[in-house]
Structures are given as structure tokens and as C-alpha cells.
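S.K.: Dropping the structure in here first, questions after.
The values are calculated or read from the model by the stated rules, or taken from the named source; none is laboratory data. These figures come from a predicted structure and were not determined experimentally. Here the Cβ is made from the backbone with ideal geometry for all residues, glycine too, and neighbour counts use every protein chain on show. The protein model used for the area step is the full one, side chains on, heavy atoms only, and it has no ligands, DNA or RNA in it. Shrake-Rupley method; radii C 1.70, N 1.55, O 1.52, S 1.80 Å.
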Amino acid sequence: MKNRIQDLRTDADLRQIDVATAIGITQRKYSYIETGTQQVTDEILIKLAEFYNTSVDYLIGRTDVKDPYPRK
């Protein structure tokens, strides 16, 4: 998971502080999530999926499809 989150960030040419601010956490916490030092909560996973316009399943490696699921 950590590689996908980091890859999405670097592919978008964003800094850790940019993403952290957008999802409402500190840069340090975001760094810990990216490196796998700290487990990511469901709430943060959802925020990351929304921020990157993808699915939680993609972030955690359950699918290789980046597209988000359609909303009902």
C-alpha cells in the first residue's frame, strides 16, 4: 500500500505537505503512513482515495484498476 500512495503523490508532482494539508493531517503523520511506520485508518484511506480520485481497494492493492467505483 505504501508504494501506491507514494507513487500517486510523486506522479502528481506533490509534496507530502501538500497531500497532508489537503486531507487534514500533519506532514509527519503522512510521512509515517507513506513509509509504513504508522497504520492508516479507514478515515484517512477514504480521504486519500477521494483526493487521488481512486478507490480504497486500489490504495491497499486489492485491484490494479485506478478508476474509482461509481457512486449510486
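S.K.: I need the full set of residues from region 1-32 which are outside any helix (DSSP H, G or I) and either modelled with pLDDT under 95 or among the small types (Gly, Ala, Ser) (or both), in order please. Give the derivation first.
M.R.: Initially, region 1-32 is screened for residues outside any helix (DSSP H, G or I), giving 1, 12-15, 24-26.
Across region 1-32, the qualifying residues are MET1, ALA12, GLY24.
S.K.: Only residues in region 26-41 that are in contact (Cβ under 8 Å) with a residue 40 or more places away in the chain count as the first member; pair them with residues that are of a type in the set (Asp, Glu), Cβ under 8 angstrom, at least 6 apart or cross-chain, and list the lot.
M.R.: none
S.K.: Does region 33-56 hold any residues that are of a type in the set (Asp, Glu) and either open to solvent by 70 Å² or more (accessible area, probe 1.4 Å) or farther than 12 Å from ILE5 by Cα (or both), and which are they?
M.R.: Kept after step one, since they are of a type in the set (Asp, Glu), are these residues of region 33-56: 34, 42-43, 50.
Of everything in region 33-56, those that are of a type in the set (Asp, Glu) and either open to solvent by 70 Å² or more (accessible area, probe 1.4 Å) or farther than 12 Å from ILE5 by Cα (or both) turn out to be ASP42, GLU43, GLU50.
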